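Novice: Here you go, one structure.
The values are calculated or read from the model by the stated rules, or taken from the named source; none is laboratory data. Keep in mind that this is a model prediction, so the values were computed, not measured. All Cβ positions, even for glycine, are placed from backbone atoms using ideal geometry, and neighbour counts span all protein chains on display. Ligands, DNA and RNA are stripped out before the accessible areas are found, and what is left, the full protein with its side chains, is counted by its heavy atoms. Shrake-Rupley method; radii C 1.70, N 1.55, O 1.52, S 1.80 Å.
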Amino acid sequence: MKAVQTRFVCSACGRVETKWLGRCPSCGAWNTFEEEKVTAAPASSKSAPAPVLDNRLKKLSEVEVSSSVRFASGMDELDRVLGGGIMRPSAVLVGGEPGIGKSTIMLQVISSCTQAGPVLYVSGEESPSQVRLRAERLKLKLEDINIFCDTRLEVLMDVIEELKPAIVVIDSLQTLSSSSVPSVPGSVNQMRTCCMALSLLAKSRNIAMFFIGHVTKDGALAGPKIVEHLVDTVLYFESAQTGVRILRSVKNRFGSVDEIGIFRMDHMGLSAVKDPSLFFISDREEGALPSGVAYTAVTEGSRTFLVEIQALTVPCKGGMPRVYSDKIDAARVNRVAAILERHASLVLSDCDTYINVAGGIKLNEVSIELALALALWSARTNTPLYGRQVCFGELSLAGEVRPVAFLERRIKASQEMGFDKVLAPAVRSQKDGSVSYCRNIKQAIMISRALRTEVSASGS
Ligand SMILES: [Zn+2]
């Protein structure tokens, strides 16, 4: 038999190294490497929990189509992110920072799914009475929810076998431990073993299994990232503006990962924000747009809504210009600034740049680049843009404005929201009075500036 080997795993991102490192080269976290013993046989094989799956060799035509079914969770926003409802069987990871509302939403979900069968809430963090108080506060039907407070994997699996639930919520994965693994709860090894065993159990017993996983910044607990590959669907909760939560799917075996769910959080728990179209725009007086603000239309799955990008430039301190931007990737801001500097003769390399998105939603789409450029231009030149202009387009390094997906949808959404000027990438065979088409960033700035002068001239 092979000797026991040691390896080191980053508890934040799962990177494996042969030596201990102070800082993870992948995710940049400090002191996150954890020692892991690797025996010749994989750790999971010696532990009893893994239920047997049908692994006989057969023809593809003989494979029985699994009777997986979807059912509504009772929360439209969650169903949308899941790709049309909860899949059964499935294993879903729900990650997010502590206190963001993961336990609350999962308690609400199982309470509204009781028609699918027995539901089980496993709490390793809170006592049964704490969970009861929370459920009472949310006005849930207490008699429909089974609660089990234990953190031992083997005991939990027996309980699940006996109850035969339709939905199980594990709150949280980091508290579970298997007796077959020597390390402490919350370590990389424990999390993997428990997640794997319960996912397999979910498959073989037709359960929708939800794992709550805490994302901690200090790296004291292993992050949910290291079990992402073991589950079907991965959802993350983000905190946007006060009381607003965004649920984003980063992996979904049963649907697309473009959809986001937007929730408002109050004492009654999380409720859906039905119409987010103007949700991410500050309330302003008509036409009173300050410098450094530009509107753009973004698409998230089946929805299109308007977002406000804010920019601020100040003379840089200490000779090293910096970009402060956490809602838009700082590398993208730097690239757009470089394009402006080269192709629109706008000097930004002597400024510190701050970028924000109203409402706190993270933007990853390339289509926001034109609005970002115009916000930067507006901030640097102290020229407010026209208050009812929406712009979108991708910027190439050569300063061209490139077409983006869903052009029609974005134009339509902007007009529906009462924005009467749209600045869009030039495409052939387009004619619309309220839409201006631009080919490059210089032209975009010219059009915006002309529009501004025109409007203020006719307004006075
Ligand atoms: Zn790492």
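Novice: Would you tally the residues in segment 427-450 being at pLDDT 85 or above and in a loop (DSSP other than H, G, I, E, B)?
Specialist: Of the residues in segment 427-450, 1 are at pLDDT 85 or above and in a loop (DSSP other than H, G, I, E, B).
Novice: Follow-up question, since we're still on this one. Do we find that S367 is modelled with pLDDT of 90 or more, open to solvent by less than 20 Å² (accessible area, probe 1.4 Å) and of a type in the set (S, T, N, Q) in this structure?
Specialist: For S367, the condition - modelled with pLDDT of 90 or more, open to solvent by less than 20 Å² (accessible area, probe 1.4 Å) and of a type in the set (S, T, N, Q) - is met.
Novice: Considering only segment 219-243, how many residues are part of a loop (DSSP other than H, G, I, E, B) and at pLDDT 90 or above?
Specialist: The qualifying residues number 2.
Novice: Let me ask you something else. Does at least one position in segment 128-136 carry a residue that is modelled with pLDDT of 90 or more, more than 20 Å from the chain's Cα centre (by Cα) and crowded, with 18+ Cβ neighbours inside 10 Å?
Specialist: Going through segment 128-136, the residues modelled with pLDDT of 90 or more turn out to be 128-136.
This time we only want the ones that are more than 20 Å from the chain's Cα centre (by Cα), so: 128-136.
The next check asks that each one be crowded, with 18+ Cβ neighbours inside 10 Å; those that pass are 131, 135.
Yes; the residues of segment 128-136 include at least one that is modelled with pLDDT of 90 or more, more than 20 Å from the chain's Cα centre (by Cα) and crowded, with 18+ Cβ neighbours inside 10 Å.
Novice: Which of the residues belonging to segment 282-312 are surrounded by fewer than 20 Cβ atoms within 10 Å (Cβ to Cβ) and part of a loop (DSSP other than H, G, I, E, B)?
Specialist: Selection gives S282, D283, R284, E285, E286, G287, A288, P290, S291, G301, S302.
Novice: If you go through segment 168-186, how many residues are in contact with a Ser or Thr (Cβ under 9 Å, 6 or more places away or on another chain), in a loop (DSSP other than H, G, I, E, B) and either at positive phi or open to solvent by 10 Å² or more (accessible area, probe 1.4 Å) (or both)?
Specialist: Looking only at that region, the number is 7.
Novice: Now a separate question. Among the listed residues F237, F254, which satisfies the condition of being surrounded by 20 or more Cβ atoms within 10 Å (Cβ to Cβ) and either more than 22 Å from V347 (Cα to Cα) or not assigned by TED's automatic domain parsing to the domain that holds A413 (or both)?
Specialist: Only one candidate passes the filter, namely F237.
Novice: Go through T299, T242, T233 for me and flag whichever is closer than 30 Å to S448 by Cα and among the β-branched types (V, I, T).
Specialist: On the way: T242 fails: closer than 30 Å to S448 by Cα; T233 fails: closer than 30 Å to S448 by Cα.
Step by step, each of T299, T242, T233 is checked, and only T299 is closer than 30 Å to S448 by Cα and among the β-branched types (V, I, T).
Novice: If V401 passes every condition in (1) open to solvent by 60 Å² or more (accessible area, probe 1.4 Å); (2) within 30 Å of D283 (Cβ to Cβ); (3) at pLDDT 90 or above but one, which one does it miss?
Specialist: For V401, the failing item is (1).
Novice: Looking at segment 11-33, is at least one residue away from the ligand (no atom under 16 Å from the Cβ) and at pLDDT 85 or above? I'd like the intermediate steps shown before the answer.
Specialist: Applying the first criterion (away from the ligand (no atom under 16 Å from the Cβ)) to segment 11-33 yields none.
No: zero hits.
Novice: Within the set of pairs 6+ apart or on separate chains, which have a first residue in segment 301-314 that is in contact (Cβ under 8 Å) with a residue 40 or more places away in the chain and within 15 Å of V347 (Cα to Cα), a second that is open to solvent by 20 Å² or more (accessible area, probe 1.4 Å) and basic (K, R), and C-beta atoms under 9 Å apart?
Specialist: Here the result reads A311/R380; T313/R380, each pair linking segment 301-314 to a residue that is open to solvent by 20 Å² or more (accessible area, probe 1.4 Å) and basic (K, R).
Novice: One residue is enough: does segment 276-295 have a residue meeting the conditions within 27 Å of T114 (Cα to Cα), at pLDDT 90 or above and among the hydrophobic types (A, V, I, L, M, F, W, C)?
Specialist: Scanning segment 276-295, I find no residue that is within 27 Å of T114 (Cα to Cα), at pLDDT 90 or above and among the hydrophobic types (A, V, I, L, M, F, W, C), so the answer is no.
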